[in-house]
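Colleague: I have a structure here, written as structure tokens, and I will follow up with some questions on it.
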Amino acid sequence: NKAPGVKAGIAVGFENDWYGEEVGAYVELLEGEKENSEQIINFCKAHLPHAKTPKVIVFGNEIPVTSTGKYQRRKVAHLFSDWKEIQFRKN
């Protein structure tokens, strides 16, 4: 299942002071779609357990891949550093 308006997305683990690590998502939208983190997070909450639901969405134009087509999560992990000190609660 894909969230509406999403072309592709990857889960990215990021360092968090409260839990050690949290889950974020780096998302590439379909052309013409508007960024809507809340919509994507709500979609994920409906389909995934809390521990696997991204707490933060970062939007980008292209997901970095290796020459063999594997996603390079480490290349986007730094984009989540602003949320290192946030305590995310289950809603």
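The values are calculated or read from the model by the stated rules, or taken from the named source; none is laboratory data. Quick caveat, the model's predicted, so the values are computed rather than measured. Glycine also receives a Cβ, built like all others from the backbone with ideal geometry; neighbour counts cover every protein chain displayed.
Colleague: Show the residue pairs that are 6+ apart or on different chains and have beta-carbon atoms under 6 Å apart, the first residue being within region 45-68 and modelled with pLDDT under 95, the second being surrounded by fewer than 14 Cβ atoms within 10 Å (Cβ to Cβ).
Modeller: What qualifies is 50/90.
Colleague: Also: I'd like to check something: does region 42-59 contain any residue that is closer than 16 Å to residue 2 by Cβ and small (Gly, Ala, Ser)?
Modeller: Yes: region 42-59 contains one or more residues that are closer than 16 Å to residue 2 by Cβ and small (Gly, Ala, Ser).
Colleague: Would you please name the residue that is nearest to residue 71 (Cα to Cα), looking only at residues in region 1-10 that are among the small types (Gly, Ala, Ser) and surrounded by fewer than 19 Cβ atoms within 10 Å (Cβ to Cβ)?
Modeller: Let us first name the residues in region 1-10 that are among the small types (Gly, Ala, Ser), namely 3, 5, 8-9.
Cutting the leftovers down to surrounded by fewer than 19 Cβ atoms within 10 Å (Cβ to Cβ) gives us 5, 8.
Working: 5: 20, 8: 11 Å.
Of everything passing the filter in region 1-10, 8 is nearest to residue 71 (Cα to Cα).
Colleague: Looking only at region 64-91, which residues are among the charged types (D, E, K, R) and either under 12 Å from the mean Cα position of the chain (by Cα) or exposed (fewer than 12 other Cβ atoms within 10 Å of the Cβ) (or both)? So that I can check it myself, show each step before the final result.
Modeller: So in region 64-91, the residues among the charged types (D, E, K, R) come out as 70, 73-75, 82, 84-85, 89-90.
Selection gives 70, 73, 74, 82, 85, 89, 90.
Colleague: Being assigned to a strand (DSSP E or B), of a type in the set (Asp, Glu) and either under 21 Å from residue 78 (Cα atoms) or touching a strand residue (DSSP E or B) at 6+ places or on another chain (Cβ under 9 Å) (or both): is that true of residue 35 here? Steps first, please.
Modeller: On the way: assigned to a strand (DSSP E or B): no; of a type in the set (Asp, Glu): yes; either under 21 Å from residue 78 (Cα atoms) or touching a strand residue (DSSP E or B) at 6+ places or on another chain (Cβ under 9 Å) (or both): yes.
When the stated conditions are applied, residue 35 does not pass them.
Colleague: Starting from residues that are charged (D, E, K, R) and surrounded by fewer than 15 Cβ atoms within 10 Å (Cβ to Cβ), keep the ones in region 11-27 and report whichever is farthest from residue 78 (Cα to Cα). Can you show your working first?
Modeller: So the first thing to find is which residues in region 11-27 are charged (D, E, K, R), and the list is 15, 17, 21-22.
Filter once more, keeping what is surrounded by fewer than 15 Cβ atoms within 10 Å (Cβ to Cβ): 15, 17, 21.
Details: 15: 10, 17: 15, 21: 13 Å.
Once the filter is applied, the top-ranked residue is 17.
Colleague: Same structure again: From the residues in region 80-91 that are without any contact (Cβ under 8 Å) to a residue 60 or more places away in the chain and either charged (D, E, K, R) or part of a helix (DSSP H, G or I) (or both), which one is nearest to residue 8 (Cα to Cα)? Show your work before the answer.
Modeller: First pass over region 80-91, keeping only residues without any contact (Cβ under 8 Å) to a residue 60 or more places away in the chain: 82, 89-91.
Adding the requirement that they be either charged (D, E, K, R) or part of a helix (DSSP H, G or I) (or both) leaves 82, 89-90.
On the way: 82: 23, 89: 26, 90: 25 Å.
Taking the candidates together, the pick is 82.
Colleague: Does region 29-63 hold any residues that are surrounded by fewer than 17 Cβ atoms within 10 Å (Cβ to Cβ) and touching a Gly at 6+ places or on another chain (Cβ under 6 Å), and which are they?
Modeller: Correct list: 30, 33.
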